[in-house]
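In what follows, a single structure is set out as C-alpha cells and then discussed.
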Amino acid sequence: MEVFLVSLLNGLVYGMLLFMLASGLTLIFSMMGVLNFAHASAFMLGAYFAYSISLIAGFWVALFDAPILCGLLGAAIERFGLRRVHRNGHVAELLFTFGLAMVIEKVVQMSWGLLAVPYRIPAGLDFPLFSVYGTQFPAYRAFMLLISGLMFLAIWLALTRTRVGLVIQASLTHPEMARALGHDVPKVFTLVFASGMALAGLAGVIGGNYQTTSPSMAVTMGPIVFVVVVFGGLGSLLGCFIASLLMGLIQTFAVVLDYSAADLLANVGLTVTRSSPFGELLTMPLPRIGALLPYILLVLILWFRPRGLMGTRDT
Amino acid sequence: MKSIYRAALAALAMILSVAVTPAGAQGTIKMAYTDPLSGAFAQVGDSNLKMWSYLIDYINAKGGAAGRKFELVPFDNKSQPADALLALKSATDQNMPFIVQCSGSNIAAALIEAIDKHNARNPDNRIIYINCGAVATELTNEKCSFWHFRFDLNVAQKAEVLVRALPKNITKVYLINQDYLFGQSVQRDVKTFLKQVRPDVQIVGDELIPLGKIQDFSPYITKVKASGAQALLSGNWGPDINLLLKAGFDAGVDLRYYTFYAHLAGGPTTIGPAGDGKVYSVMPNSENLPVEKGLKEADEFIQGFHKANPGMKFDFSSVGFRTILEYLQEAINKTGSVDPTKIAFALEGMKRKDLFNYDTMMRKEDHQVMMEYMVGQLSKGNKYDSEGTGLGWKVSAVVEAKDLMQPTTCMMKRPAK
C-alpha cells in the first residue's frame, strides 16, 4: 500500500510533466503535420532561460518570462523558417526541425557550457509538503501538478470556448475550408507553433530544476514525448492527457513491480529458468525493461489502432 | 584586412613548423593524447587537457627527462575507437614514444590490440600506451599487454575501496547499477568484495537500470526505502547518478549514497546543498586531502592549478597524472633514452612515493598501478569546496595500495630485451 501510494503520486507528477511537453507538440503535429524535433529543445531552452532569468530577477519572473521567450522564438522559427521550408513538403520540414534541434543544442552548449547548471528549486517551495508513510512529498511536486493542471484547463477552455480556439479547431480538421472562409490559416499556424513552444518552455521552467538542467535534457526527453503524442492520437488534447498519465504511471509502476514473464508462467504451472528456451528474456524482471514499455506500446498502437487512443484521423 | 593575412600566415607557419620538426633525438618527448575533445563528452577531454598541461609545465620545470622536455600533442577521438586508431597512426608516423588515453574502455581495448600488432611489426618504431582512466578490469587481466600501463585503479579495485570504506554500522545495502558492461561488473565486484571483506553486510536489493533512459528515479527510491536499506551503492555516472541522488533527497529518505562517480565535473553542482553529508564517492584524491594530512607542499601544488587556470570550476581531481609523468621521467632518466622497449622494461615493478607521500607501484605481472584511493564525503565546512557550491569533498577513508593487491590472471608476453 505504501509503495502503491507513493508510486501513484510520483507517476502522476511525471505524467503531468510529460503532458506539458506533449500538449504543445500534439497541437503542432496535428495541425501542421510536422513532427517537430525541436520541441524538446524548447523544453531545454525554457529551463536555461529560467535559470538565467532567475539569477537576476528570481524564479517567479522566470516562470512567466522564459515561456514567453520560447514562444517568441517559436513564432520566429515558424514565420521565417518553417513557412519557407513548407513549400518543399513535410520531409523537408521534418529535416529542418531535426537540424534545428542540433543547432539549438550546440548553441546551448556554447552559451551555458557542457555541464549542468545549478538551477534550483526556489526556496519558498523547497520543503516537504506532507509525508506518506515516511516518504516525503516535496511541495515543489505539488506545485508542478498545480501548474500543469491549470495549463490543461487553460488550453482546453481556449480551444473549446474561444473564437480563436474554434478557428484553430477548424484549421486542424478542414484547413482548406477555414481558408476559404477568410481565416488567415498561416497566422493560425504561427500562433499554434509559438504557443506549443511556449508550453514546452513552461515545462522546461518547472522541469529543469525538478530534474537537471543540462545540454542533454532535450535528447533524453525527446523520444518519450513523441510516443505520448502518437499514442494519444492526433489533435486530441484529451488523448494526449490520458497518454501522458499512462506513460508516467507505467514507467513508475514498472520499477516497483519486480516480476518477470517467468513468474506469470509459474502461476499456470510452467517453470522457466535461464537455461530454458528464451529463458534469458522470460526471466528478465520488469524493472529492467520498464523504460522500454512505452516504446513497446507505441509499436502496438500503431499496429492495432494507427489513429491513436483518441485520435480522429490516421497517423 | 592586412592583419588578418598576417595572422593567417603566422598560423600557417606554425602548422608547417610543427609538421616539419623532426621527432628525432633533439626535439621534445612527444606524448600523443587522445580523448573526446568534441561531442557529448568533450568536457572530459577538455578538463583533462588543462590538468595535463599544468603538470607537464611542472615536470618540465623540474628538468623534463634526459635533458629533454615533455610535450603533449592532443588528438580528438570523439569517443570513437576508430578515431583513436587514427590518432595512434599519426603518433606512430611521427615516432612518438607514448600515447595517452583516459576515457573509455572500449577505446582502450582497441588501442591495446592495434599497438600489440604495430609494435610486433615495427620493432624500430614502437609506442607505449599510457592508460590514465580506462578502468575495465580485463584490460590488465585476460586482455593485458606488455605495452599497456594502467595508472588508475580498475573497477574491481575501486569496488574494493568502496566496500572497505563502508562504515561498520551499515549492514543493509541496496545496489543500483547501469545495465551494461561497466555497471554489471560493478555489481558483480561489489558483491564479491562484500562477501570477502564484509560478510555481515546484507544486500537487500540489487537492481540494473537501463543506461541513460530514466528521467525520474523516485520509484526506485520508493523501493529502496521499502527494503530498509541504510546505504545505496551505485556505479552510475552522468545523469543516472545525479537524478538518482536528487530523487533521494526529494523523498527525504534517510540514506547514505556510496557512489563511484558523484565527484566528476558537474556532479557537486547538480547535487547541490541538499546533498550535504549524504553523498560519498570513490575518488583518487580530494583537494582537501593535503589539508587534512598537513601536506603544505601538495596543497600549494594543487591550488597552483587554480591560479594558473582562473575561472575553471572543476576540481583538480587528476593529480595522479603527476605520478605518471614522474614514472616516465624516472624510466627515461634510468635508461638514458626514449626507446619505448627499454622504458617499458624500466617501468615494470617501479616504485615511487606520490604527491601525498603514499606508496605506489607499477606491478610487473599485469602493468596495473597500485596506489592509494580515497572515499570522499560531500559536506560543508571544508577548506576547499567544489564548483563554488559550498560543499567540498572531505576525506572519509583512504585505502592504501597494499590493501588493493588483487590477484591477476594476466599472462604477460614480453618482447626480447
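Key figures
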quantity: Region B:166-234: trypsin sites (Lys or Arg not before Pro) in DSSP coil with no more than 11 other Cβ atoms inside 10 Å; calculated: B:LYS168
quantity: DSSP-assigned coil residues among trypsin sites (Lys or Arg not before Pro) in region A:31-126, each with at most 12 further Cβ atoms within 10 Å; calculated: A:ARG87
quantity: Degrees, to the nearest 10: A:90-112 long Cα axis against longest axis of chain A; calculated: 80
quantity: Residues B:ASP93 and B:GLU113, FRET efficiency given R0 of 22 Å [Cβ-Cβ distance, rounded to 0.05]; calculated: 0.75
quantity: Gain upon complete extension [A:VAL132, A:VAL107; 0.36 nm per residue less C-alpha separation]; calculated: 4.8 nm
quantity: Calculated FRET value between B:GLN303 and B:LEU49, using beta carbons and R₀ = 25 Å, to 0.05; calculated: 0.80
quantity: Computed [θ] at 222 nm, deg cm²/dmol, the protein assembly as shown (DSSP H ≥ 4; -39,500 (n - 2.57); rounded to nearest 500); calculated: -17000 deg cm²/dmol
quantity: Length released on extending from B:ARG121 to B:LYS383, taking residue separation times 0.36 nm less the Cα-Cα span; calculated: 89.0 nm
quantity: Cα gyration tensor, region A:1-127 - rounded (a/c under 1.5), prolate or oblate; calculated: oblate
quantity: The protein assembly as shown - Cys residues lacking any other Cys C-beta under 4.7 Å; calculated: A:CYS70, A:CYS240
quantity: Acute angle (nearest 10 degrees) that the helix A:139-161 long axis makes with the longest principal axis of chain A, alpha-carbon atoms; calculated: 50
quantity: Inter-label distance for B:VAL197 and B:ASN106, nm, one decimal - labels placed 7 Å from Cα along Cα-to-Cβ; calculated: 3.0
quantity: Mean shadow area of chain A, taken as a quarter of the surface of its Cα convex hull (nm²); calculated: 19.3
quantity: Two-decimal log10 I(q)/I(0) for chain B, as the Debye equation yields it once each C-alpha is a single scatterer, q = 0.13, 0.15 Å⁻¹; calculated: -1.15, -1.48
quantity: Region B:109-128 residues near the modelled B:ARG68 label - backbone nitrogen below 16 Å, point 7 Å along Cα→Cβ; calculated: B:124-128
quantity: Rounded FRET efficiency, nearest 0.05, which uses the C-beta distance separating A:PHE304 from B:GLU142 and R0 of 45 Å; calculated: 0.40
quantity: Region A:288-303 residues near the modelled A:LEU265 label - backbone nitrogen below 18 Å, point 7 Å along Cα→Cβ; calculated: A:288-289
quantity: Loop chymotrypsin sites (Phe, Trp or Tyr not before Pro), region A:96-175 (other Cβ atoms within 10 Å of the site Cβ: 16 or fewer; DSSP); calculated: A:TYR133
quantity: Cβ-based net charge around B:ARG164, under 15 Å, with every Lys or Arg adding one and every Asp or Glu removing one; calculated: 0
quantity: Nearest-ten-degree value, helix A:293-304 long axis tilted from longest Cα axis of chain A; calculated: 70
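Here, each number is a calculation from the coordinates, and none is a lab measurement. Predicted model, so just to flag it, every value in this text is computed and none were measured. Cβ coordinates were reconstructed from backbone atoms using ideal geometry, including for glycine residues, and neighbour counts include every protein chain displayed.
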